[in-house]
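> Okay, handing you the structure first.
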Amino acid sequence: MRRLLLATACAALLSQAAAAQTLRVVLREDADILDPTLARTYVGRIVFAGLCDKLFDINDKLEIVPQLALSHEWTDPTTLVIKLRPGVTFHDGTPMDAAAVKYSLERHVTLQGSFRRSELNVMDRVEVVDPLTVRIVLKTASSPFLAQLTDRAGMIVSPKAAEAAGKDFGLRPVCAGPFSFKERVPQDRIVLERFPGYWNKDAIKLERVIYQPIPDSSIRLANLQAGSVDLVEYILPTDVDAVRRNPRLRIAITDYLGYQGITFNVGNGPRSKAPITADSRVRRAFELSLDREALVQVVYAGLYTPTVQGLSPSSPYYDPALKPPARDVAAAKALLKEAGVALPVPVSFMVPNNPDLRQAAEVIQSMAAEAGFNVQITSTEFASALQAESRGDYELFLLAWSGRVDPDGNLYSFLHSTGAQNLAKYSNPVVDKALDDARLTDDPARRRQYYAGMWAAERQDLPILYLWTQKNIAGLSAKVEGFKPMPDGMIRLQGVSLAK
Amino acid sequence: MTGQPAPASSPALIAWRRFRARPAAVLGFAVIALLVFVAVAAPLVAPYDPVTQSYSAIRKAPTLQHLMGTDENGRDVLSRIMFGARASLLAGVVSVLIAAGIGIPVGLLAGFAGGWVDGVIGRLVDAMLACPFLILAIALAAALGPSLTNAMIAIGITAAPIFVRVARGATLDAATYDYVEAARATGNPPWRVALRHILPNIVPPVLVQATLAIAAAIIAEASLSFLGQGQQPPAPSWGSMLLSAQRFLGDAPWLAIFPGAAIFLAVLAFNLVGDGLRDALDLRRR
Amino acid sequence: MRSYLAGRLLQVIPTILLVSVLVFALQQFLPGDPAVVLAGEERGDPVVLQQIRAELWLDRSVPVQYLHWIGNVLHGDLGVSWRLREPIASLILAKLPVTMQLGGMAFMIALLIGIPAGILSAAQRNRPLDYVANLVGLAGLSTPNFWLGIMLILLVSVKLGWLPPSGYVPLWEDWRQSLATTIMPAFVLGNSIAAILMRHTRSAMLTALDQDYIRTARAKGLREWRVVLRHAFRNALVPVVTLGALELGTLLSGAVLTEFVFSIPGFGKLIVDAVFNRDYPVVQGVVLVTAGMFILLNLLADVLYVVINPRLRVA
């Protein structure tokens, strides 16, 4: 059997031209449009890591480091001056300069259908100082702004190609990354080829990268085990053992930037008057009925990290002193008694359709039952769930967030009363002030203080019950060398090569 | 067209004897009876409660204690299969009742009224049958919201056109019988002719279709549950058990083997009975 | 004959139109706002939502949207996928061959298994082999194809490692790998069609074997196998193949789940993804094309049947 597998594997390898340094990456789903201005999927960002370089990048400590930009300086709280790297060219040969940066940033804000607007909405204007210097003026001081330039909002596209293609730019994107776009078959593969004119070309050892979407986790695993792919960006925690046991495979785990939590509908419509959505004591009792450790152990083989903060443990703003409470059913019952609600408390739990989230919901249901909660699970497909969320047609929603580098990106939008994703209409002036203050300074110590004050209020109100932070779990063939997993889950190809 | 004599009286007895003579059909009937018994008596027969979780016994292989092993939350698979029979059988029967309930009257109408009414209904049926069945069911189920009841309604509506066709065909056939023509000639109102004379004659082909449709409906419900619509957790359903089992194929294959085998057995049984009925009632093959 | 053909063709047009209305109306009932789904993590921003709605004509009334869509279709423009921003016509052209390859292989497998089994069954009518074949055939019909797929993956890919568990390689790229990736899903798809074909064949053969000319052939002293194969089979083949062509509809329905299980980028997967992502234009376009093909195939089968069997022509 083994010989047959090896034989077919060899035949497959030989039949591919220039196969030697082709990295085959598996994504958990297909990327959407490959235009940094119009894209919105997580896996799209993985493809961009090979295709489009950004002004800044992050390192494994979530610190901001140069990429297309060499340095930055705040000349005053609302003015950011960026010095660009010289000698950078786009895939079409045109040079990257301050004009191109200005073009790209303005495109992010003005192009119809752009999803980058809310990320850059604090930006007032961009000015070209000289061919290698850009000045960005903000409407108000905002320390999280720089972090936006480490993601899609900071990706610089070739003005010549973007002008020519307009909204169809995503069909043949032209950026300044290590690889250029070769071809794309929707829902099948995206092929990138090494760009010989890359500014950091010595760091690139691969000739080609192929991204394939495989939504089924057991098939992803099977492909990795069979050797037909080299890197799987997302392995289920429950499959980690199988990969570890295989001598030809490796596992790479880092903290994830995002979190999984339960959002309570505390202020949107009539369902915010239900016992659990109206009274924070009932919510705190609900929390006390849960054992996050056991939950993570059962559903995710103990690999994820229980949390009460919506921040990655890798973040410098993560407070190690703020730990999840241990399960205490008696205290939960006492709180329910104090709140004076009739038992059992009816709870309606909206859960997205994924098998692991359904399983987690069942465990939560079972745990909460012991404290007197009668949880009804409604497993909803994503589109319907989003609609229910915006209409307030839910009580509890098991919602995750993919996470951003700056803590503001994980918190403001959800907890501030004017936050764009605060569809539950939670409002607490103490929380609002703390979040606003944290934006106005870039001194980490002071920001931590503000966030501490915010957490104190949030833990009382519990508009969002943070459950756990995930991990980036990548499975790779032992032949892949030089892969460095990062907290944002992106697959950076600098330094990556395939052993013979 | 000349009239034909109606079939001999007491066809039910003849059919029953013919049915009994085919061992495969009888076997199918026995399996169905067993499944119905298990579904109804599940609380008494199942060794464990199907929703009780046990975090110390996760994904254990089949043993004497757990004849079919335990699932990802430590629940006993055998008990979940037994309770899951309820969802599957209920889905099968209710969907077909809905489909027949819609299809038979419409088919009767089409066959009886003829003319443009028949034409319009025919086009509608053609249009519905031209869309891939599963897509229609998914869309309907998504439109109605995720629940077992809505899945049954979705499957029922999607399966109705077939009953329209069968009922219409049988009506056209029955309308040629001598005594039916006689009934019409003596001035009986159409509705009475339809109810008293035609309806009893379309029972055989509809019965066969219904049995086969139950088999298809069970698979449809399993497919919908497999895609996440249908039965809500933690209530067990064979299809959603297969959905959860996909993640653990390498480690815990029994989680996928048993629910699928259960679906297979149920569907096979209904198909055997449907086949037997078709032969027993001596209908022309399609 | 010509009038029959004309009559049938005339029936096709309102049917297809009805399909278009049906699928369009159905989408409107789907809960969930496509604009919200497309906005993703920006869905809280009303400006973004308004912009998306305006671009996709979602802010107009439903009849206007329908007319806009059907008007474009009649001009040959199926529209653009909202999620992928690709023209739907090119999406279909890219994915149809995949599903066709799968369907073609499935049909061939069905023919290779179903027809011989049916012949054998008819020749051994009411003897043990017949019963066994019947049972096996029904078993094939009764197996849910997504379960069969999972079981095959488990056995052949995970435990034995013989074949890759998923993915798809086009035939012209590497025919060996292509076969390796498609043989399992093709078998899964084909097995229920094999069962149906077997039953059709058996039934048609039995009818043919009852004919007078068969008795004559036997009386002439021809050996049994020659009677069966040369005479009965040739006549039974025609209705079998024409009826079999209609099973293409079953193929497409089955392809949805099979492609899902085996991660094959075909038609079925395209449409399921589109439904769950509320990518209306894709669902509408694909269903219209599929229904159109199915209806035309039906028409073809009807015509073929009548042409070959003059006795069936309506007076």
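The values are calculated or read from the model by the stated rules, or taken from the named source; none is laboratory data. Only a predicted model underlies this, so the values are computations on that prediction, with no experimental measurement involved. All Cβ positions, even for glycine, are placed from backbone atoms using ideal geometry, and neighbour counts span all protein chains on display.
> Among the residues of the stretch B:41-92, which ones are among the acidic types (Asp, Glu) and either modelled with pLDDT under 85 or surrounded by fewer than 21 Cβ atoms within 10 Å (Cβ to Cβ) (or both)? Give the derivation first.
From the stretch B:41-92, those among the acidic types (Asp, Glu) are B:49, B:71-72, B:76; that's our starting set.
Scanning the stretch B:41-92 gives a single hit, B:Asp49.
> Hey, can you tell me all the residues within the stretch A:134-169 that are in contact with a strand residue (DSSP E or B) (Cβ under 6 Å, 6 or more places away or on another chain) and surrounded by fewer than 16 Cβ atoms within 10 Å (Cβ to Cβ)?
Of everything in the stretch A:134-169, those that are in contact with a strand residue (DSSP E or B) (Cβ under 6 Å, 6 or more places away or on another chain) and surrounded by fewer than 16 Cβ atoms within 10 Å (Cβ to Cβ) turn out to be A:Val137, A:Lys139.
> Considering (1) more than 8 Å from chain C (Cβ to nearest Cβ); (2) surrounded by 24 or more Cβ atoms within 10 Å (Cβ to Cβ); (3) not aromatic (Phe, Trp, Tyr), say which one B:Arg278 fails and leave the rest.
Here B:Arg278 meets the rest and fails (2).
> Applying the selection to the stretch A:339-384, what residues are within 14 Å of chain C (Cβ to nearest Cβ) and either part of a helix (DSSP H, G or I) or surrounded by 23 or more Cβ atoms within 10 Å (Cβ to Cβ) (or both)?
Step one: of the stretch A:339-384, the residues within 14 Å of chain C (Cβ to nearest Cβ) are A:350, A:352-355, A:378-384.
Listed by number, the residues that qualify are A:Met350, A:Pro355, A:Ser379, A:Thr380, A:Glu381, A:Phe382, A:Ala383, A:Ser384.
> Picking from C:Met198, C:Met205, C:Met151, C:Met184, which residue would you name as being in contact (Cβ under 8 Å) with a residue 12 or more places away in the chain and over 21 Å from the mean Cα position of the chain (by Cα)?
Values: C:Met198 fails: over 21 Å from the mean Cα position of the chain (by Cα); C:Met151 fails: in contact (Cβ under 8 Å) with a residue 12 or more places away in the chain; C:Met184 fails: over 21 Å from the mean Cα position of the chain (by Cα).
Step by step, each of C:Met198, C:Met205, C:Met151, C:Met184 is checked, and only C:Met205 is in contact (Cβ under 8 Å) with a residue 12 or more places away in the chain and over 21 Å from the mean Cα position of the chain (by Cα).
> Next question, about the same structure. Which one of B:Ala235, B:Ala256, B:Ala213, B:Ala262 is under 29 Å from B:Leu90 (Cβ atoms), at pLDDT 75 or above, hydrophobic (A, V, I, L, M, F, W, C) and part of a loop (DSSP other than H, G, I, E, B)? Let's see the steps before the verdict.
Values: B:Ala256 fails: part of a loop (DSSP other than H, G, I, E, B); B:Ala213 fails: part of a loop (DSSP other than H, G, I, E, B); B:Ala262 fails: part of a loop (DSSP other than H, G, I, E, B).
Of B:Ala235, B:Ala256, B:Ala213, B:Ala262, the one residue that is under 29 Å from B:Leu90 (Cβ atoms), at pLDDT 75 or above, hydrophobic (A, V, I, L, M, F, W, C) and part of a loop (DSSP other than H, G, I, E, B) is B:Ala235.
> Now a separate question. What's the total number of residues in the stretch A:386-422 that are assigned to a loop (DSSP other than H, G, I, E, B), aliphatic (A, V, I, L, M) and touching a strand residue (DSSP E or B) at 6+ places or on another chain (Cβ under 7 Å)? Before you say what the answer is, go through the steps one by one.
So in the stretch A:386-422, the residues assigned to a loop (DSSP other than H, G, I, E, B) come out as A:392-395, A:402-406, A:416-422.
If we keep only those that are aliphatic (A, V, I, L, M) too, we end up with A:405, A:420.
Right, trim to touching a strand residue (DSSP E or B) at 6+ places or on another chain (Cβ under 7 Å) and you get A:405.
Of the residues in that region, 1 qualify.
> Would you pick out the residues in the stretch B:116-127 that are aliphatic (A, V, I, L, M), buried (at least 22 other Cβ atoms within 10 Å of the Cβ) and either facing chain C (nearest Cβ under 8 Å) or farther than 14 Å from B:Val106 by Cβ (or both)?
If the condition is that a residue be aliphatic (A, V, I, L, M), buried (at least 22 other Cβ atoms within 10 Å of the Cβ) and either facing chain C (nearest Cβ under 8 Å) or farther than 14 Å from B:Val106 by Cβ (or both), then B:Ala127 is the only one that fits.
> If you go through the stretch A:209-244, how many residues are of a type in the set (A, V, I, L, M) and more than 8 Å from every other protein chain (Cβ to nearest Cβ)? Quick ask: steps written out before the conclusion?
We begin by selecting, within the stretch A:209-244, every residue of a type in the set (A, V, I, L, M); these are A:209-210, A:214, A:219, A:221-222, A:224, A:226, A:229, A:231-232, A:235-236, A:240, A:242-243.
This time we only want the ones that are more than 8 Å from every other protein chain (Cβ to nearest Cβ), so: A:209-210, A:224, A:229, A:231-232, A:235, A:240, A:243.
The number of residues fulfilling the criteria is 9.
> Now, a different point. Sort through A:Leu206, A:Leu192 and tell me the only one that's more than 12 Å from chain C (Cβ to nearest Cβ), farther than 30 Å from A:Asn428 by Cα and modelled with pLDDT of 95 or more. First the steps, then the outcome.
Details: A:Leu206 fails: modelled with pLDDT of 95 or more.
Checking each option against the conditions leaves just A:Leu192.
> Further question: Pick from B:Ala159, B:Ala142, B:Ala175: which is crowded, with 24+ Cβ neighbours inside 10 Å and over 17 Å from B:Ala99 (Cβ atoms)?
Values: B:Ala159 fails: over 17 Å from B:Ala99 (Cβ atoms); B:Ala175 fails: crowded, with 24+ Cβ neighbours inside 10 Å.
Among B:Ala159, B:Ala142, B:Ala175, only B:Ala142 is crowded, with 24+ Cβ neighbours inside 10 Å and over 17 Å from B:Ala99 (Cβ atoms).
> Search the stretch A:245-257 for residues being in a loop (DSSP other than H, G, I, E, B), surrounded by fewer than 20 Cβ atoms within 10 Å (Cβ to Cβ) and touching a residue at least 40 places away in the same chain (Cβ under 8 Å), and hand back the single one that is nearest to the other protein chains (Cβ to nearest Cβ).
Taking the stretch A:245-257 as the starting set, the residues that turn out to be in a loop (DSSP other than H, G, I, E, B) are A:246-248, A:256-257.
Remaining after also requiring surrounded by fewer than 20 Cβ atoms within 10 Å (Cβ to Cβ): A:246-248.
Filter again for touching a residue at least 40 places away in the same chain (Cβ under 8 Å), leaving A:247-248.
Numbers: A:Pro247: 15, A:Arg248: 13 Å.
By that ranking, first place goes to A:Arg248.
> Still on this structure: Here is a check on your reading of the model: is C:Ser192 farther than 17 Å from A:Asp216 by Cβ, within 12 Å of chain B (Cβ to nearest Cβ) and in contact (Cβ under 8 Å) with a residue 12 or more places away in the chain?
On the way: farther than 17 Å from A:Asp216 by Cβ: yes; within 12 Å of chain B (Cβ to nearest Cβ): yes; in contact (Cβ under 8 Å) with a residue 12 or more places away in the chain: yes.
For C:Ser192, the condition - farther than 17 Å from A:Asp216 by Cβ, within 12 Å of chain B (Cβ to nearest Cβ) and in contact (Cβ under 8 Å) with a residue 12 or more places away in the chain - is met.
> On the given criteria, is B:Arg196 buried (at least 19 other Cβ atoms within 10 Å of the Cβ) and among the basic types (Lys, Arg)? Give the steps one after another, and end with the answer.
Numbers: buried (at least 19 other Cβ atoms within 10 Å of the Cβ): no; among the basic types (Lys, Arg): yes.
No, not satisfied.
> Now for a different question. Do you know which of the residues in the stretch C:151-176 that are part of a helix (DSSP H, G or I) and charged (D, E, K, R) is nearest to the other protein chains (Cβ to nearest Cβ)?
It comes out as C:Arg176.
> Yes or no: B:Leu97 without any contact (Cβ under 8 Å) to a residue 60 or more places away in the chain and assigned to a helix (DSSP H, G or I)?
On the way: without any contact (Cβ under 8 Å) to a residue 60 or more places away in the chain: yes; assigned to a helix (DSSP H, G or I): yes.
So B:Leu97 passes the test.
> Sticking with this one: If I ask for residues that are surrounded by fewer than 20 Cβ atoms within 10 Å (Cβ to Cβ), touching a helix residue (DSSP H, G or I) at 6+ places or on another chain (Cβ under 7 Å), charged (D, E, K, R) and in contact (Cβ under 8 Å) with a residue 24 or more places away in the chain, which ones from the stretch A:428-485 would you list?
Result: A:Asp461, single match.
> Assuming A:Ser114 fulfils every condition listed in (1) polar (S, T, N, Q); (2) within 28 Å of A:Leu192 (Cα to Cα); (3) surrounded by fewer than 19 Cβ atoms within 10 Å (Cβ to Cβ) apart from one, which condition is it?
(3)
> May I pose another question? Scan the stretch A:292-326 for residues that are outside any loop (DSSP other than H, G, I, E, B) and of a type in the set (A, V, I, L, M, F, W, C) and jot them down. Explain how you work it out, then say what you get.
As a first pass, look at the stretch A:292-326 and keep what is outside any loop (DSSP other than H, G, I, E, B): A:292-300, A:305-306.
Answer for the stretch A:292-326, where residues must be outside any loop (DSSP other than H, G, I, E, B) and of a type in the set (A, V, I, L, M, F, W, C): A:Ala294, A:Leu295, A:Val296, A:Val298, A:Val299.
> Right, something else. Working only within the stretch C:27-47, note down all residues that are at the interface with another protein chain (Cβ under 7 Å from one of its Cβ atoms), over 23 Å from C:Val287 (Cα atoms) and part of a helix (DSSP H, G or I).
Within the stretch C:27-47, C:Val36, C:Gly40, C:Glu41, C:Glu42 qualify.
> B:Ala160 - would you say it is more than 13 Å from chain C (Cβ to nearest Cβ) and either farther than 11 Å from B:Leu224 by Cα or in contact with a Gly (Cβ under 7 Å, 6 or more places away or on another chain) (or both)?
Numbers: more than 13 Å from chain C (Cβ to nearest Cβ): yes; either farther than 11 Å from B:Leu224 by Cα or in contact with a Gly (Cβ under 7 Å, 6 or more places away or on another chain) (or both): yes.
Taking the combined requirement at face value, the residue satisfies it.
> Within the group A:Gly392, A:Gly310, A:Gly409, A:Gly403, which residue is within 20 Å of the chain's Cα centre (by Cα), on the phi > 0 side of the Ramachandran plot and touching a residue at least 60 places away in the same chain (Cβ under 8 Å)? Before you say what the answer is, go through the steps one by one.
Values: A:Gly392 fails: within 20 Å of the chain's Cα centre (by Cα); A:Gly310 fails: on the phi > 0 side of the Ramachandran plot; A:Gly409 fails: on the phi > 0 side of the Ramachandran plot.
None of the others qualify; the one that does is A:Gly403.
> Another question about this same structure. Hey, any hits in the stretch A:423-442 for a residue that's among the small types (Gly, Ala, Ser) and touching a strand residue (DSSP E or B) at 6+ places or on another chain (Cβ under 7 Å)?
The answer is yes, given that some residue of the stretch A:423-442 is among the small types (Gly, Ala, Ser) and touching a strand residue (DSSP E or B) at 6+ places or on another chain (Cβ under 7 Å).
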